[in-house]
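The values are calculated or read from the model by the stated rules, or taken from the named source; none is laboratory data. Keep in mind it's a predicted model, so treat the numbers as computed, not measured. Cβ coordinates were reconstructed from backbone atoms using ideal geometry, including for glycine residues, and neighbour counts include every protein chain displayed.
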Amino acid sequence: MFEENDENISALREEIKKDFSPITPIIYTVLETAQSVVPECIELFNERCGNDSPDAGKVYRLLHPSLMRAIMQILLNSKNLKTKAVIDHDNYDIKADWERIILSNNGLAGKYADRNYRLLKALRSETIGNILPPPGQSRKKSNYYCNSHLQQFRMPLYPSEGGCELPKHNVIYLWDNPTANSVSLYLVCPKWGRGNKAVAYFIDPIEHPALSIRPPVEPDEIVRELDLEKLRDDINIVLNGDTQDESNENDLREQN
Amino acid sequence: METPKMNQTRTIYGSRIEQARKLSGYTQKQLAEKIGVNQSAIAQYEKGKTIPSDDALKAIAELTRFLPSFFELAPLDEFPEGSLAYRALRSVTAKEADKAYFNAKLMYEHISIMARSFVLPRVQLPLLGEKAERSAEITRASLGIAPDLPIRDLTNVLERNGIVILSLPIFLKKIDAFSTWVDLQGNRPIIAESFGKPGDRVRFSIAHELGHLVMHHPPKITIKLMEKEANNFASSFLLPKCVMDSELIKPLSLYTLAQLKIKWGVSMQALIFRARDLKIITERQATYLFTQMASHGWKTHEPNNLDIKIETPQLFRKMIEGLYDSPDRYAADMCLTDSRVSEMTLFA
């Protein structure tokens with residue numbers, strides 16, 4: 001039986017982070033930009049429709065997630081990150097009329113570095129461990145969450161040498177806007193998920209990409225020296241008046 | 001010209017006592033209490049109506065970190081306060097303005113003495129009556145700066161073009177810099193900057209003062225308009241219009257602004273203002289970016305990893321190095337205590 005230990009998870013985490021390092025800042029920036037554009041769209045909508053009633057807030061709540069997704073998709077496409085909106089019909093396959101079911105949280109799906117990734121809205125929770133939305137009724141999403149069987153391929157029995165590539169884990173970017181003006185992004189590797197339960201190998205908060213920027217190191221940077229042409233060496237001449245003639249006379253006397 | 005008060009052995013200049021007191025940040029009352037005389041005595045010394053006793057003079061010298069002989073040096077005739085006169089707009093206290101002025105005056109005095117032994121770089125600064133954007137373009141050209149590239153070491157560029165930059169050894173809360181024209185080997189511009197401000201802020205303040213030097217000599221409009229024009233000049237000078245369209249690419253995000261901050265050496269907030277002024281983003285988008293910055297706490301302090309290197313002027317240091325083999329000799333010549341010399345040359 002494959003043994004899951006900290007070392008394995010840590011290696012997996014590093015591998016995924018490295019694979020996605022080129023696109024993580026893009027996704028963060030796109031999320032932040034979408035979040036700044038959406039309120040503007042909704043304000044514009046309310047202005048145009050003369051919608052200044054207290055119900056305007058409802059429009060915001062209804063449109064916000066869909067607009068976020070649509071704008072993020074447009075922005076990602078403009079950065080050559082093609083994604084598609086996940087349309088999951090399983091969600092609507094409701095068997096019992098009065099049964100309370102958890103609808104799956106649809107988002108955007110893409111592929112990068114031979115890995116599938118999805119962009120999903122996080123669940124609101126006090127603890128990071130509870131922010132991964134469960135797949136609900138969706139079989140597709142349950143399948144997507146199911147990474148656990150892949151870990152066995154990381155055992156020494158399946159060395160990566162020998163021409164066969166290790167199967168890659170599916171990844172999720174979870175986003176949230178804890179306040180109207182801020183966003184949070186998490187990198188998640190799900191382990192499994194079914195119904196109203198979802199478990200992850202890790203859920204790591206991603207820091208703002210601006211904090212990872214390092215100024216370019218310029219070892220050969222030369223400070224351009226200021227050229228100052230000197231007239232006199234002795235400051236005392238300046239401070240006490242020009243005694244050049246006197247000293248010349250003294251020198252002459254000494255020579256004589 | 002001030003008439004010094006003399007007795008048989010000494011000539012004491014009251015304005016020197018005032019200079020030492022003000023650059024040390026004491027009120028007359030505070031100084032009086034410290035040296036055990038009353039306030040009116042200090043006022044009398046400063047007006048040159050009475051001469052302090054040897055003990056009083058020694059106490060003043062010790063407290064203000066000058067040698068007693070400092071008070072016997074004939075003061076400099078004129079050091080115009082220049083843009084420091086616009087302080088009313090920034091609610092700067094008189095005490096802080098005095099501290100800035102007298103510190104700059106002292107450094108300028110030393111430079112003007114030492115400058116007699118050097119040929120200073122020729123002044124290449126135009127005096128313009130154009131609008132800020134155009135003035136910034138002309139100034140770049142006059143200083144030999146490419147019209148579309150970031151200015152890497154602004155202080156160095158200005159010094160090489162004959163502008164004297166004084167790095168004041170004091171932290172001034174509400175004054176980042178001020179500028180003035182003085183008579184030093186001809187008409188020469190001076191910019192004095194406060195210590196302890198972030199590198200990008202210092203660069204913007206220097207560019208702002210450059211705007212005053214170029215456009216407001218002599219002042220032609222109200223202080224409020226001059227300040228606005230100088231800000232526009234700084235923004236246009238550091239972030240030229242001809243290249244901003246291709247740099248501030250929409251949609252503008254904090255990440256892009258952070259990258260541009262490193263490249264252009266200005267704050268993220270200055271970049272937002274520039275993008276808004278050039279109508280690359282709307283007022284609402286600018287507000288939103290500011291709000292996002294505030295949510296990260298970056299409006300008061302931009303991320304440390306993006307810190308811009310603090311530029312240091314070279315002229316003052318090079319003059320001292322060129323004329324003195326040790327700081328002690330410089331201290332003795334200028335009548336300063338060692339501690340004041342260390343302080344004055346720390347950032348030079």
Can you tell me which residues in segment A:1-30 are more than 16 Å from residue A:188 (Cα to Cα), modelled with pLDDT of 90 or more and not polar (S, T, N, Q)?
A:22, A:26, A:30
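Looking only at segment B:125-136, filter to residues that are under 20 Å from residue B:188 (Cα atoms) and part of a helix (DSSP H, G or I); which one of those is nearest to the other protein chains (Cβ to nearest Cβ)? Let's see the steps before the verdict.
Just the residues of segment B:125-136 that are under 20 Å from residue B:188 (Cα atoms), to begin with: B:125-129, B:135-136.
Cutting the leftovers down to part of a helix (DSSP H, G or I) gives us B:135-136.
Values: B:135: 25, B:136: 22 Å.
Checked segment B:125-136; the qualifying residue nearest to the other protein chains (Cβ to nearest Cβ) is B:136.
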Quick check: is even one residue across segment B:206-224 in contact (Cβ under 8 Å) with a residue 12 or more places away in the chain, among the hydroxyl-bearing types (Ser, Thr, Tyr) and within 23 Å of residue B:93 (Cα to Cα)?
no
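Kindly indicate whether residue B:309 is touching a Phe, Trp or Tyr at 6+ places or on another chain (Cβ under 9 Å), surrounded by fewer than 18 Cβ atoms within 10 Å (Cβ to Cβ) and charged (D, E, K, R). I'd like the intermediate steps shown before the answer.
Details: touching a Phe, Trp or Tyr at 6+ places or on another chain (Cβ under 9 Å): no; surrounded by fewer than 18 Cβ atoms within 10 Å (Cβ to Cβ): yes; charged (D, E, K, R): yes.
Here the answer is no, as residue B:309 does not meet what is asked.
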Give segment B:292-315 a look and list any residue that's over 23 Å from the mean Cα position of the chain (by Cα) and either assigned to a loop (DSSP other than H, G, I, E, B) or within 8 Å of another protein chain (Cβ to nearest Cβ) (or both), or say none.
B:292, B:294, B:295, B:296, B:297, B:298, B:299, B:303, B:305, B:306
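Residue-wise test of (1) among the aromatic types (Phe, Trp, Tyr); (2) modelled with pLDDT under 95.
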| site | (1), (2) |
| --- | --- |
| B:282 | no, yes |
| B:285 | no, yes |
| B:288 | yes, yes |
| B:300 | no, yes |
| B:305 | no, no |
| B:311 | no, yes |
| B:317 | no, yes |
| B:323 | no, yes |
| B:334 | no, yes |
Give the residue that is farthest from the other protein chains (Cβ to nearest Cβ), with candidates limited to residues of segment B:268-279 that are crowded, with 18+ Cβ neighbours inside 10 Å and among the aliphatic types (A, V, I, L, M).
B:270
Restricting the search to segment B:103-124, which residues are surrounded by fewer than 19 Cβ atoms within 10 Å (Cβ to Cβ), away from chain A (no Cβ under 12 Å) and touching a helix residue (DSSP H, G or I) at 6+ places or on another chain (Cβ under 9 Å)?
B:109, B:124
Those residues that are at the interface with chain A (Cβ under 9 Å from one of its Cβ atoms) and surrounded by fewer than 19 Cβ atoms within 10 Å (Cβ to Cβ), I need them from segment B:318-337; list them, please.
B:322, B:324, B:329, B:333
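I'd like the residue in segment A:117-169 that is among the basic types (Lys, Arg) and assigned to a helix (DSSP H, G or I) and, out of all such residues, is modelled with the lowest pLDDT.
Selected residue: A:154.
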Can you find a residue that is among the hydrophobic types (A, V, I, L, M, F, W, C) and within 22 Å of residue B:338 (Cβ to Cβ) anywhere in segment B:84-104?
yes
